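Novice: My questions will all concern the structure given below.
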Number of protein chains: 2
Amino acid sequence: LTLTFVGLGLGAKGVSLEGVEAMRSAKTIYLEYYTTPHDPSLLGEIQKATGKEVTVVDREFVEDGKELLRRAVAEDVVLAVPGDPMVATTHNDLRVRATELGVATKLVHGVTAAAAVASASGLHYYKFGRTVTVTREGLGKMDQVYCMLHENLLLGAHTLLLLEYDVEGREGVAPAAAVEGLLRSERNFKRGVVSDQTLVLVICRVGRGDAKLEAGSFGEVSGRDYGAPPYSLVIPGRLHFTEVEAISAIFRMPSPKVHGNSEAVKRTAETLVPKYVAKTRKALESVKGKMDPRYGPVLENAELYLRDAEEHLMKGDDGLAMLSVGYAEGLLDSLSFAGVVKIDW
Amino acid sequence: LTLTFVGLGLGAKGVSLEGVEAMRSAKTIYLEYYTTPHDPSLLGEIQKATGKEVTVVDREFVEDGKELLRRAVAEDVVLAVPGDPMVATTHNDLRVRATELGVATKLVHGVTAAAAVASASGLHYYKFGRTVTVTREGLGKMDQVYCMLHENLLLGAHTLLLLEYDVEGREGVAPAAAVEGLLRSERNFKRGVVSDQTLVLVICRVGRGDAKLEAGSFGEVSGRDYGAPPYSLVIPGRLHFTEVEAISAIFRMPSPKVHGNSEAVKRTAETLVPKYVAKTRKALESVKGKMDPRYGPVLENAELYLRDAEEHLMKGDDGLAMLSVGYAEGLLDSLSFAGVVKIDW
């Protein structure tokens, strides 16, 4: 006796031959497609491919799970789900409960939208950082997404944003709304993570016959309508030249317009250390020759540590760069606090 | 005229109904399975499902691509590949070249191992950070993998390591070798990223009939043989309680033994700032009352900045914490360089 979770992949014919076999040999087939955007002809295609009756169930039926597990104890059951069956935590929970009841479980994987978008984008698959789902609820507070994007860009990684589409409510997040949410966070944080010039790939209805791929700047996307959902956005990090070629060919954008978004983003220390070093060096110059020679070693050390700070920054040792420039400032300011010299910062 | 890239997914029956249709209606079907681990019965299953002749081609044929593109200009061609067709950069390059030649291209996605492993692991899909492939060549220099693992763990993200398996050469990377490589990097860097206690999930032959899921510590895995490849490793970051339950049920491990690996990992500043603050505070105490009162403001400011450093660290502002503790040290050391007091660091 096995409870098999069958992923139906993307589109109406995304199920694998293995998935079809599992459904054919099961006693009961449940289909849950309310938690995932799916093709309207999906149910018909599944019935045609398997020649079997399929019971459509809702989110509650799966979350509750009692009836499903009761059956799985007595007969072979399939729970079929668009995409991959374990990407939603609800289905994972059911798998755990079945295992705890001693019911054998099996997974037939399906293509999930996140993997397909990464693949379709033409960017290198393993350069994607963490994926984020943008929900309607989350639109008002995009700060977390903004921070994760910042982290990804600093690492040179690409960011995939899946825009929520609620099948039951027929409501979702449009590309323009997501982009505007990020620009709003930029106005709050002012970290230079995104701007009107940020390049974004808009991938609509991935894996379906009418899939659409468009590239544009945040400024362009924020005013555009992309037709029927679901949508995903890819914000490229650092681009390899083959990725530039791929975007140019696949998204029909002239190569010179294609650019990564990592180059414009700076680490906190990259902004602060050069500023502090310049300020301290200026203060140092302003006091030279105005003090008793006994303070010579203080000034020499301050100069050495400013150089250290610059070297650490170049090597990417941000923490040590900040420590060194702070130390140099402290050496100088000590003389000022002690009344030895007046420093004009 | 269309060049269709068909992903064959995992196992011998991983191809989707859409993929089968695309192959049935194509004039020529090429199958390239040397760049990806695949099931030995794959070719037979494809021929059975499509009822068509399939030409097996090698990596060179695809990399060169001339013959394939020449055909695609004249007739409908399918290039079938295990997994997803665009995960390997070779196939992406061919797609770009076809587009540039004016040949329409189409993608039929397939399940790729990385997505299936994440899904099968029972961990939350969207908590995975960047995925890394560990090659035999790379085994000797795992430092980059070690650093990426460190970054992922600091973010609480899970790390997926795909272990290379060379189909042509029948050679690959075993779980024990990958784990030992990371422990070697730990001995070099000493950042406390991994240890014998690090929990790792070993997922063998994902998506196939004889898939095997085992969990263990680095110490356990380093001595174990896992049978036939391919293998993947998942190193969990911070675990949600439902993820603990899932690992416990799926990997048959008692819950109390299940733990994330993020908790043990510290940011550089978390290690350094408390050490520097303690050292500077001790030095500060040792000179109090031994100097002319004119130096009072120096000591007061040093004390204030040490407190600032601690507060910045608590708020996660690592850079400012390092800057502040460096400044406090500088204030004190200036007195020492100027010969005002001898500080015993």
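Novice: Tell me which of these A:L69 doesn't satisfy, since it passes every other one: (1) within 12 Å of chain B (Cβ to nearest Cβ); (2) under 25 Å from B:A211 (Cα atoms).
Specialist: (1)
Novice: Anything in segment A:297-345 that is assigned to a loop (DSSP other than H, G, I, E, B) and within 44 Å of the chain's Cα centre (by Cα)? List them, or say none.
Specialist: A:K315, A:G316, A:D317, A:W345
Novice: Among the residues of segment A:97-138 satisfying the criterion of being at the interface with chain B (Cβ under 8 Å from one of its Cβ atoms), among the small types (G, A, S) and part of a helix (DSSP H, G or I), which is surrounded by the fewest Cβ atoms within 10 Å (Cβ to Cβ)?
Specialist: Within segment A:97-138, the match that is surrounded by the fewest Cβ atoms within 10 Å (Cβ to Cβ) is A:A120.
Novice: How many residues does segment A:165-203 hold that are in contact with a Ser or Thr (Cβ under 8 Å, 6 or more places away or on another chain), assigned to a strand (DSSP E or B) and not β-branched (V, I, T)?
Specialist: Number of matching residues: 2.
Novice: Filter segment A:171-225 for residues that are among the charged types (D, E, K, R) and in contact (Cβ under 8 Å) with a residue 40 or more places away in the chain and give the result.
Specialist: Those that are among the charged types (D, E, K, R) and in contact (Cβ under 8 Å) with a residue 40 or more places away in the chain: A:E180, A:R184, A:E186, A:R191, A:R208, A:R224, A:D225.
Novice: Moving on to the next point. Filter segment B:171-227 down to residues that are of a type in the set (D, E) and more than 30 Å from A:G110 (Cβ to Cβ) and give me whichever is surrounded by the fewest Cβ atoms within 10 Å (Cβ to Cβ).
Specialist: Out of the qualifying residues, it is B:D225.
Novice: Filter segment B:226-267 for residues that are within 11 Å of chain A (Cβ to nearest Cβ) and closer than 30 Å to B:P37 by Cα and give the result.
Specialist: B:G237, B:E243, B:A246, B:I247, B:S248, B:A249, B:I250, B:F251, B:R252 - these are the residues of segment B:226-267 that are within 11 Å of chain A (Cβ to nearest Cβ) and closer than 30 Å to B:P37 by Cα.
Novice: Could you tell me which residue of segment A:27-54 is modelled with the lowest pLDDT, considering only residues that are out of contact with any helix residue (DSSP H, G or I) (no Cβ under 9 Å at 6 or more places or on another chain) and either surrounded by 18 or more Cβ atoms within 10 Å (Cβ to Cβ) or of a type in the set (F, W, Y) (or both)?
Specialist: A:H38
Novice: Another question about this same structure. Name, by its number, the condition in (1) modelled with pLDDT of 95 or more; (2) surrounded by fewer than 20 Cβ atoms within 10 Å (Cβ to Cβ); (3) assigned to a helix (DSSP H, G or I) that does not hold for A:R294.
Specialist: (1)
Novice: Another question about this same structure. Can you name the residue in segment A:77-96 that is of a type in the set (D, E, K, R) and either assigned to a strand (DSSP E or B) or buried (at least 19 other Cβ atoms within 10 Å of the Cβ) (or both) and, of all such residues, is farthest from the other protein chains (Cβ to nearest Cβ)?
Specialist: This residue is A:R95.
Novice: Looking only at residues that are closer than 14 Å to A:A177 by Cα and of a type in the set (S, T, N, Q) in segment A:218-243, which one is farthest from the chain's Cα centre (by Cα)?
Specialist: Among those that are closer than 14 Å to A:A177 by Cα and of a type in the set (S, T, N, Q), it is A:S222.
Novice: Give me the residue from segment B:273-291 that is surrounded by 13 or more Cβ atoms within 10 Å (Cβ to Cβ) and within 12 Å of another protein chain (Cβ to nearest Cβ) and, out of that set, nearest to the chain's Cα centre (by Cα).
Specialist: For segment B:273-291, the residue satisfying everything is B:V273.
Novice: Given the conditions (1) at pLDDT below 95; (2) surrounded by 18 or more Cβ atoms within 10 Å (Cβ to Cβ), and given that B:L1 satisfies all but one, which numbered condition is not satisfied?
Specialist: Failing condition for B:L1: (2).
Novice: Which residues, counting only those in segment B:306-334, are modelled with pLDDT under 95 and within 7 Å of chain A (Cβ to nearest Cβ)?
Specialist: B:D318, B:G319
The values are calculated or read from the model by the stated rules, or taken from the named source; none is laboratory data. Because the structure is a prediction, the values reported are computed rather than measured. We place every Cβ from the backbone using ideal geometry, glycine too, and count neighbours over all the protein chains shown.
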